[in-house]
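As structure tokens, the structure follows; a few thoughts come after it.
A short reminder: the numbers here are calculations on the coordinates, not readings from a lab. Quick caveat, the model's predicted, so the values are computed rather than measured. Methodologically, a virtual Cβ is constructed for each residue, glycine included, from the backbone with ideal geometry; neighbour enumeration extends over all protein chains shown.
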Amino acid sequence: MMPLCVFLLLLYKICLGLSLNKTCIIQESGVKTAKVGDAVTLRCSCQDDTVTFLFWYQQSLGSKPHTISSWMKHSEEPKISPTYRKRFQVDAQTQEGINNLIITDLHLSDSGRYYCGILEFNTIEFGQGVFLHVKTSLSNTQSSVHQPAVEQLRLGDSVNLSCTVYAESCPGEQKLYWFRHGVSQPAVMYSSNRQCTSLSNEKLDRKNCTLKLEIKPVRSFDAATYYCALASCGEVVFGNGTRVEILGSTTVPLLLVYCLLAALTVSIVVLLVLGLVMYKLKSKLCSVCKRTASHPTCSAATDSVQSHNADDLYYAALSLKRNSDWHHPEDSTESVCVYSRVKSRKQ
């Protein structure tokens, strides 16, 4: 029983690891740029038949996600939240599992991250998310964001990713953010403290800000692309992104995982078959024992045979025939077992 428990535990761990890295959601990711007044389509699909609901969420800078739409498969049409009904539409196709979001007449306030989500077995899963960057056709901002292209880190290290922002002065609050875009994980937005110094001259009043993101300690799933962004003067300015590479990290090949999974499955099937065979054999032996011990006279005769196994004994079973008019009060409906014993003396 112990090997079976070990196999089941290993199988659960492998399946759990695969489920964390695999989802049916296919959604474009990264940063998508569009202009004010244009129309844009954010694509998402999921062809898993167990998925019952599909959603769209919007997360503006510095706010929590808000539900845009919900669509139940095989229903007539998706439901759009009242706030988004004027300019937001959903192209839903049941057979292909398509759940595309269409936004018309883009506004600057539409900038933010958009997530495609699904409901499967009472669990909500999200796609990687795409950041929609809406900007004016003629931008007058003089702000800029600079960050290194590649950062190589080692497992267990504690590091700070940094970027430099040159921000011009304008009314309103200036906000700086970090975005993480991973390969197999939903994007994450971080707000961070900044250190700024003024760069004033006769023509421009600008600030030089340094933005840092601490990773402590570095783990394998921290490998991703990190974008530094500035929200200022009604616009969002992005850096080109820093690609974080983890040195010395190793991953189990997917083919090897599948082979181990198949081996565990075969082992479990073999153990179950062997257990079933043993159970049937035990059941047959028990039924024979029960039939042997069902009659007291037969049981006594069996005990007598076992007690004289040292001698050469010969037994003959006698069948008694009764007339219909002969009756004994001790008789039952069952046959009476009578044995005669013949003992032979050894020469």
Cα-Cα longer than 21 Å, checked against Lys135/Lys212; Lys64/Lys216; Lys32/Lys79; Lys135/Lys175, kept in input order, equals Lys135/Lys212; Lys64/Lys216; Lys32/Lys79
Residues with beta-carbon under 13 Å from that of Glu28, excluding Glu28: net charge, scoring Lys, Arg +1 and Asp, Glu -1? +3
Pick out, in residue order, every one of the GluC sites (Glu not before Pro) in the stretch 62-135 that is DSSP loop and has at most 16 other C-beta atoms within 10 Å; say none if there are none. Glu76, Glu96
Taking Lys and Arg as +1 and Asp and Glu as -1, residues besides Tyr57 with C-beta under 11 Å from its C-beta add up to +2
